[in-house]
Amino acid sequence: IGHCYAHTGEFDLAERYLLEAMDTVPETDKNYNSHRADVLHELAMAEEFKDDTSEKIIAYLTEAIELLKDEQFAVRVANCRMGLGNAYNNMEKVQEALKNYQDAAETFENEYALLNMASAYCNIGNCYIKLKDFEQAERFHEKALKLRIKYGSHSHISISYYNMAVLN
């Protein structure tokens with residue numbers, strides 16, 4: 001319900017339901033940390049819809065990462081790092097964004113999560129555009145495009161072409 005309210009722009013209701021969802025799994029449940037991390041991720045995304053420069057995004061995702069430290073959650077941690085990268089990027093803290101995107105990309109590479117790798121590469125490339133390092137930007141956007149041509153959908157491919165156009 002909270003997720004749906006976030007997408008309809010009813011952010012107070014989204015937050016209310018998501019915070020209520022935090023208490024639906026008892027601490028003794030083996031999925032307690034995982035469940036809380038999922039809700040924290042949803043809270044961060046709802047907050048990003050509301051205000052993409054909110055410090056709450058960073059707090060929610062940092063707490064989620066702390067709960068998911070276990071290796072079995074590496075891809076989920078990397079997804080949280082992508083969210084942190086987005087938050088820092090929106091705050092114009094490009095170096096912090098780049099670091100989070102690079103950490104996420106490393107995990108996606110280790111886990112062979114190809115489309116996630118492409119997304120991370122695009123975000124890294126966009127950071128390098130902001131940093132005016134166009135050689136690095138092109139390198140990462142080309143890597144993303146190659147993955148998306150081979151494994152992605154038309155919408156993924158179009159994002160990469162758009163990013164290449166911005167770069168050029």
> So what J values fall out for the range 153-168 if you push phi through Karplus, 6.51 cos²θ - 1.76 cosθ + 1.60 with θ = phi - 60°, rounded to Hz, Gly and Pro as x?
Replying inline: 8, 4, 5, 5, 4, 5, 4, 5, 5, 4, 4, 5, 5, 4, 4, 5
> To the nearest 20 debye, what charge dipole does the range 56-126 have about its Cα centre, counting +1 at the Cβ of each Lys and Arg and -1 at the Cβ of each Asp and Glu?
Replying inline: 220 debye
> Taking springs between alpha-carbon atoms closer than 10 angstrom, which of LEU115, LEU131, LEU61 fluctuates most in the Gaussian network model of the chain?
Replying inline: LEU131
> Hey, what do the phi angles of the range 77-93 turn into as Karplus ³J(HN,Hα) couplings, whole Hz, using 6.51/-1.76/1.60 and θ = phi - 60°, x for Gly and Pro?
Replying inline: 5, 4, 5, 5, 5, 4, x, 4, x, 4, 4, 5, 4, 5, 8, 6, 9
> Can you run phi through the Karplus equation (6.51, -1.76, 1.60; θ = phi - 60°) for the range 94-105 and list ³J(HN,Hα) in whole Hz, with x for Gly and Pro?
Replying inline: 5, 5, 5, 4, 4, 4, 5, 5, 5, 4, 5, 4
> Residues with beta-carbon under 13 Å from that of ALA113, excluding ALA113: net charge, scoring Lys, Arg +1 and Asp, Glu -1?
Replying inline: -1
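With +1 on each Lys and Arg Cβ and -1 on each Asp and Glu Cβ, how big is the dipole of the chain about its Cα centre, in debye rounded to the nearest 20? Mind showing how you got there, number by number?
On the way: 17 positive and 28 negative charges, 161 e Å.
Its charge dipole is roughly 780 debye.
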> Hey, how much of the P(r) for the range 23-97 falls beyond 17 Å, as a percent of Cα pairs?
Replying inline: 43 percent
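Which value at 222 nm does the chain reach when only helices count, each DSSP H run of 4 or more adding -39,500 (n - 2.57), with the total divided by all residues and rounded to the nearest 500 deg cm²/dmol? List each step's numbers first, then the result.
Values: 9 runs with 133 residues, N = 168.
Helix contribution divided over all residues of the chain: -26000 deg cm²/dmol.
Probe of 1.4 angstrom, ligands and nucleic acids ignored: what's the accessible area per residue over the range 60-126, in square angstrom? Write down the numbers at each step before the final one.
Numbers: 3040 Å² over 67 residues.
I get 45 Å² per residue for the range 60-126.
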> Given a Förster radius of 35 Å and the C-beta distance between SER155 and GLU27 as r, what FRET efficiency does 1/(1 + (r/R0)^6) yield to the nearest 0.05?
Replying inline: 0.30
> Do you know the relative contact order of the chain, to the nearest whole percent, from alpha carbon pairs under 8 angstrom that are 6+ apart?
Replying inline: 13 percent
>> Compute the angle between helix 11-21 and the longest alpha-carbon principal axis of the chain, please, reported from 0 to 90 degrees and rounded to the nearest 10.
In response: 60 degrees
>> Considering the Cα positions of the chain, please state its Rg to one decimal place and its Dmax as a whole number of Å.
In response: 16.7, 54
> In the range 47-168, with Lys and Arg counted as +1 and Asp and Glu as -1 at Cβ, which of these residues, VAL77, SER153, GLY125, has the Cα nearest the positive end of the dipole, that is, farthest along it?
Replying inline: SER153
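Using alpha carbons only, what's the Rg to Rh ratio of the range 110-168 with Rh from Kirkwood? Mind showing how you got there, number by number?
Working: Rg = 10.6 Å, Rh = 11.0 Å.
Value, to two decimals: 0.96.
The values are calculated or read from the model by the stated rules, or taken from the named source; none is laboratory data. The shown structure was predicted, so the numbers you read here are calculated from the model rather than taken from an experiment. So basically every Cβ, Gly included, is an ideal-geometry build from the backbone, and we count neighbours across all protein chains shown. We work out accessible area using only protein heavy atoms, side chains counted, and drop any ligands, DNA or RNA first. Shrake-Rupley method; radii C 1.70, N 1.55, O 1.52, S 1.80 Å.
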